[in-house]
Amino acid sequence: MARRGRIEADRGATSAAPAVPGSGIAAAADGGSAARGWLRLGRDGRLTAYASCSEGLVRWTESAPGSDIWQGPELFPVEGWAGRFTLAQDSNGFVWFAGTRHRDGAPGGRELIIATQYQTGRPLGDWRAVGNPFPEREREGGEPLPAPGDPILLPDGTGSLHLLATRFGVGVWGRSRHGDGKWGDWVDYQGKWAREAVVPLVTARGRAEFLAPFRGGASYWGQDAPGSDFRWLGRVEADSVEGTYSAYETGSGTGTYFWRHPADGGVIAYRPQAPAGASPALMPLGGAGGAGPVDVARTRIGGYDCTVLLQRGAEGYPEIAAYPTEGEQYGTWWAPVGDRCTGLPALSLDARGSVTIAMIDMDGGLLIARQDQTDPGLAFGPWCRVG
């Protein structure tokens, strides 16, 4: 279904400093790795790519919907920046960022921070500290605990924003900011043996849920309705490669979770909310040897609703696959669609509904390839270096 792409060479706003291509921006790919889904479509139809470097957040923005001319890279410096971030987009199109910064006097010298981009291409709002639920502790025998996982944001359909943080040996803790702007207290979601950041999913109906991975499986938590408290919904028994989880809504109110099996690095799909009378199953999707989490999108291909997966393949190339949505039994095959990339490639639909791939190349530049709409399958035009 794919062919190899042809390579051609506001409110409380925080101002951006211009960033010079090739001057440290290659490190931004590490941010792409941390931030699953780092290519986002704004309400005005423009795509934005986000990444991280040692000084803060980096951003590229389409000059117009579907344009091959982009603005950026722009650097938004963050004092004490710990170098990684995650992001989420709410139903208003606001993009929320969560990260960690170093600060004297904070527990372990670190505090969690969040910021918001209210409009495409506009400056970010101020970074605000939201605390740190993990005081410095040591294991028995005096060994320090592993560093906390990346903080994760889930904006639900009621306007509430949920921040979730994980630390192995302590658990998963969350704090919610309700529609009136007030933050609640930290809540313990257990998961003492959770080994990485939780895996978030918010459905089109606004209901939020997440998996908390541990060795050999994951705990499943979710809301009964948008705005309700999270409750434990069960556990998944499955081996996985740490740091490879992602999720996407593949049915009306139904999410599919993806991760890699440790035997060969192949992609596994799992739906905890199986149809009535059916047992959730682990469904293999190929992609052996790939690295990190897959990025996911849905589109119509040849008249069929399809799920599209993008990974960084075994040789370091972006690889793409597609299959009928929730039809994993039909199988997938993966095809390379570009040259070697640094970090993870990203996937989104653009303003015209074209599948769009972004990657950061070995020189630190942003490259974009779009679906060829004249092809009845899933084919891509030439890559365009935009920054």
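The values are calculated or read from the model by the stated rules, or taken from the named source; none is laboratory data. Small disclaimer: the values here were computed from a predicted structure and weren't measured. Cβ sites come from the backbone with ideal geometry, for glycine too, and all protein chains shown count toward neighbours. Heavy atoms of the whole protein, side chains included, go into the accessibility calculation; ligands, DNA and RNA do not. Shrake-Rupley method; radii C 1.70, N 1.55, O 1.52, S 1.80 Å.
Set the Förster radius R0 to 25 Å, insert the Cβ-Cβ distance between Ala64 and Tyr118 as r into 1/(1 + (r/R0)^6), and round the FRET efficiency to 0.05.
The value I calculate is 0.80.
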Given the rule -39500 (n - 2.57) for each run of at least 4 DSSP H residues, summed and divided by the residues of the chain, what is its mean residue ellipticity at 222 nm, to the nearest 500 deg cm²/dmol? -500 deg cm²/dmol
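State the percentage of accessible surface on the chain attributable to carbon and sulfur atoms; use a 1.4 Å probe and exclude ligands, DNA and RNA. All intermediate terms of the calculation are to be shown ahead of the outcome.
Values: 7830 of 16190 Å².
C and S fraction of accessible area: 48 percent.
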Using a 1.4 angstrom probe with every protein chain in place, what is the largest-first accessible-area order of Lys192, Lys182? Lys182, Lys192
Extension gain (nm, one decimal) between Arg231 and Ala129, 0.36 nm per residue minus Cα-Cα: 34.1 nm
Point-charge dipole on Cβ atoms (K/R +1, D/E -1) for the chain, about Cα centre, debye to 20: 360 debye
Just the number please: accessible area per residue for the chain, 1.4 Å probe, all protein chains included, in Å². 42 Å²
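Would you kindly state how much longer the chain becomes between Asp363 and Asp104 on full extension, computed as 0.36 nm times their sequence separation minus their alpha carbon distance, in nm to one decimal?
89.7 nm
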Quick one: check the C-alpha center-to-center distance for the stretch 203-268 versus the stretch 81-110, whole angstrom. 22 Å
Heads up, the stretch 81-207 by the C-alpha gyration tensor (a ≥ b ≥ c square roots of eigenvalues; a/c under 1.5 rounded, else a/b over b/c prolate, else oblate) looks prolate
State the label only: which of (1) 1.06; (2) 1.20; (3) 0.94 corresponds to Cα Rg over 2.2 N^0.38 Å computed from the shown model? (3)
Specify whether the C-alpha gyration tensor of the stretch 276-387 places it in the rounded, prolate or oblate class, a ≥ b ≥ c being the square roots of the eigenvalues: rounded for a/c under 1.5, otherwise prolate if a/b is larger than b/c and oblate if not. oblate
Answer with one residue from Gly80, Val337, Phe258: the one whose Cα lies farthest towards the positive end of the charge dipole of the chain, charges on Cβ with Lys, Arg +1 and Asp, Glu -1. Phe258
